[in-house]
Every structure is written in structure tokens, then in C-alpha cells.
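Trainee: Have a look at this one.
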Amino acid sequence: MAARFCGLLALLCLSGLDASRPAVNQELSTLFNELWVLDVNRMTPATDYTISVQGRASFVNQGSHVVRDHASQPLFSNVNETKLTNTTTFSLFINLLDNFERSTGVAERVTTGELTEINLFLDAVLETEVMKRAHRYLVSKAQSSADLRHFKSQLYLIWFHLYHRHRNTGLDSCGFEHVFVGETKSGTEIIGFHNWIQFYLQEKNLHLDYKGYKARDHDLPDQDDHVLNLQFSWHGLVKPVGSAFIGTSPEFEMALFTIVFLMNTERSTTVLVNIDQCRMELVVIRHGRSLGTAYPKLISSNSRHVVRQQHSH
């Protein structure tokens with residue numbers, strides 16, 4: 001990796017910084033790196049899981065079902081399932097994945113058993129150091145109550161409150177379903193679906209086929225990247241480009257997006273942050289007082305943006 005990294009320096013010097021991008025949010029970058037360190041449940045590449053990014057995906061129009069496969073192998077060649085099932089937030093998260101209707105326009109029915117699963121998951125998330133730190137930050141910014149029960153209700157409203165995504169139907173969607181589980185719209189396109197655990201489980205069950213990565217020419221991904229831009233098909237439909245954190249815990253992702261959601265009031269918010277060795281945009285779109293969608297969009301990895309900045313001064 002070092003040799004390839006050095007070989008890219010000339011390219012990086014020429015490319016410069018994209019002037020149209022917002023400035024890096026230093027306060028949130030500092031906080032999110034703190035959460036990164038606190039995320040003890042995060043999976044470690046090459047130890048807890050192995051990915052194979054393979055080829056660069058080709059351009060596909062939204063709604064197209066025809067796509068060239070630039071990845072003959074699955075994205076995940078292995079994941080430590082013992083760790084998945086023995087880590088409380090992971091196992092409770094996985095319990096939630098089969099609670100939703102895939103298609104928008106079909107009303108969701110939440111059983112008492114499913115409500116119990118949501119409560120258990122939120123309780124477990126609230127016990128993690130990641131969410132405790134996120135909560136303290138939000139309290140300091142007067143965006144959340146110090147009362148844990150109120151904060152739990154706030155998380156429920158943001159992530160699990162049902163709303164209409166498809167007009168003229170029952171309550172058919174929520175933030176959690178859209179972001180972590182994925183949905184289909186009008187039987188022609190995949191919407192949402194930004195979670196690596198769901199990706200892995202769907203791939204393992206042969207419902208999903210990874211088609212390759214999406215990246216700029218000078219920013220080739222590798223197996224230890226913690227954010228990937230991806231192309232895949234799911235139940236016969238194609239997602240031309242999606243993005244997801246890789247290896248992170250559900251509480252880490254929920255904490256990040258909850259903070260961005262609550263610290264802004266615009267319908268659509270994009271925050272540029274540096275987390276670990278990655279520069280990324282965190283995109284959050286509201287649906288009233290709940291989350292419409294949220295995802296990371298990788299800008300550069302392996303600290304290449306740092307190299308670029310050094311050479312642009």
C-alpha cells in the first residue's frame with residue numbers, strides 16, 4: 001500500500017482541492033474521532049472480517065436492471081459471526097432487520113414482539129460509551145434532555161417513528177428501515193440500504209450481488225477502508241451507487257447521524273468531516289421530525305486528503 005500511496009503523490013499535487021466543497025467541520029471531526037476510539041464493538045479489518053473490493057463499477061442509470069458485474073466474488077469473504085452474535089448491539093440490531101416490508105407503499109405493521117425488539121436495541125445502544133458521549137454532547141448543545149428516558153424517546157422518534165414515504169398508503173417507512181435495512185420503490189429501484197451488516201447477510205443469503213466499487217481515479221479503495229462507495233443488485237434491482245461504513249457498530253452510525261440530524265434544521269444537511277484516515281461527507285435528510293435518510297459519502301481514504309492539502313499550500 002505504501003508504494004502505491006507514494007506513486008499517487010504526483011497525481012494528488014495536480015488535482016488540488018475541490019473548491020466547491022464545504023469546509024471541514026472541525027468540531028464534529030474531533031467529536032466523531034472520539035466516538036471512533038470509543039467504538040469498542042467496531043470490527044477490525046483482516047481480523048474480524050475480510051473484504052475484496054475487486055473492480056471499479058461502470059455507470060448505470062437509476063432504474064436500469066442491466067449492469068456489468070466487475071466483481072466476480074462477494075464483497076465479504078468472511079465475517080466473524082461469533083462476534084456478531086455475541087456483541088449485544090450487533091445481535092439485537094440483526095433481530096430488527098426482518099421486521100420491515102421491503103417495498104414502500106406497503107404499510108408497516110409493528111407487532112408487540114417487534115416493539116420489544118426495538119426497545120431492547122435502544123436500551124443496549126444507550127449503554128454503550130459511544131452513545132453516552134453523543135448524549136453528553138447533545139445535552140451540552142441543548143439539543144437533548146439529560147433525562148435518559150427522554151433521550152430514548154428522541155432516538156425512537158428519529159429512527160423508528162413510522163411515516164408515509166409513498167403517498168396514498170399507510171405508514172410505510174421509518175429512518176431505521178431506510179438507512180439500515182433498505183427499501184424498494186415502485187418495484188424499479190433500491191432506496192436507502194447503507195449498512196454493511198445487512199449487506200453481508202443479504203450477500204450471504206444470495207439476495208444481493210456486489211458489482212464493484214465507485215471511486216475517483218486517484219482514490220482506489222482497499223480492504224481496510226472503513227467507508228466504501230458501492231454498486232450492487234438486490235432482489236433483481238440495481239443500486240447504481242450506494243455507500244456504507246464498513247465494520248462499524250450500529251451505535252456508532254446512529255450516534256453520528258443523530259448528532260448531524262439534531263444539530264441542523266435544514267431539510268437536507270451535508271457535513272464534511274475527517275474520521276480516522278477518511279474524509280467523508282455525512283448526508284442527512286429529514287422527514288419532518290424523523291430521519292428520511294442518512295449516509296456517508298467517501299471523499300478520500302488513507303489520509304490522501306492530508307497529502308493533498310500539504311502540497312496545495
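Trainee: Do we find a residue being touching a strand residue (DSSP E or B) at 6+ places or on another chain (Cβ under 6 Å), surrounded by 11 or more Cβ atoms within 10 Å (Cβ to Cβ), part of a loop (DSSP other than H, G, I, E, B) and at pLDDT 95 or above anywhere in the range 1-24?
Mentor: Looking through the range 1-24, none of the residues is touching a strand residue (DSSP E or B) at 6+ places or on another chain (Cβ under 6 Å), surrounded by 11 or more Cβ atoms within 10 Å (Cβ to Cβ), part of a loop (DSSP other than H, G, I, E, B) and at pLDDT 95 or above.
Trainee: Here's another thing I want to ask about it. Restricting the search to the range 89-123, which residues are among the hydroxyl-bearing types (Ser, Thr, Tyr), surrounded by fewer than 17 Cβ atoms within 10 Å (Cβ to Cβ) and more than 19 Å from the chain's Cα centre (by Cα)?
Mentor: Within the range 89-123, SER103, THR111, THR112, THR116 qualify.
Trainee: Looking at (1) buried (at least 20 other Cβ atoms within 10 Å of the Cβ); (2) among the β-branched types (Val, Ile, Thr); (3) over 20 Å from SER233 (Cβ atoms), find the lone condition where VAL179 falls short.
Mentor: Single failed check for VAL179: (3).
Trainee: Go through (1) under 28 Å from LEU272 (Cα atoms); (2) loosely packed, with under 15 Cβ neighbours inside 10 Å one by one and return the number of the condition SER72 breaks.
Mentor: For SER72, the failing item is (1).
Trainee: Suppose the filter is at pLDDT 95 or above, in a loop (DSSP other than H, G, I, E, B) and open to solvent by 20 Å² or more (accessible area, probe 1.4 Å); does SER145 pass it?
Mentor: So SER145 fits the description; yes.
Trainee: Moving to a separate point now. Among the residues of the range 164-171, are any more than 11 Å from the chain's Cα centre (by Cα), open to solvent by less than 30 Å² (accessible area, probe 1.4 Å), within 20 Å of ARG289 (Cα to Cα) and hydroxyl-bearing (Ser, Thr, Tyr)?
Mentor: no
Conditions (1) within 15 Å of the chain's Cα centre (by Cα); (2) open to solvent by less than 10 Å² (accessible area, probe 1.4 Å), marked per residue:
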residue: LYS214; (1), (2): no, no
residue: PRO221; (1), (2): no, no
residue: ASN229; (1), (2): yes, no
residue: GLY236; (1), (2): no, no
residue: ILE259; (1), (2): yes, yes
residue: ASN264; (1), (2): no, no
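The values are calculated or read from the model by the stated rules, or taken from the named source; none is laboratory data. Please read these numbers as outputs of a predicted model, since none were measured by experiment. Positions of Cβ are generated from backbone atoms using ideal geometry, with glycine treated the same way; all protein chains shown enter the neighbour counts. Accessible surface areas use protein heavy atoms only, side chains included; no ligands, DNA or RNA. Shrake-Rupley method; radii C 1.70, N 1.55, O 1.52, S 1.80 Å.
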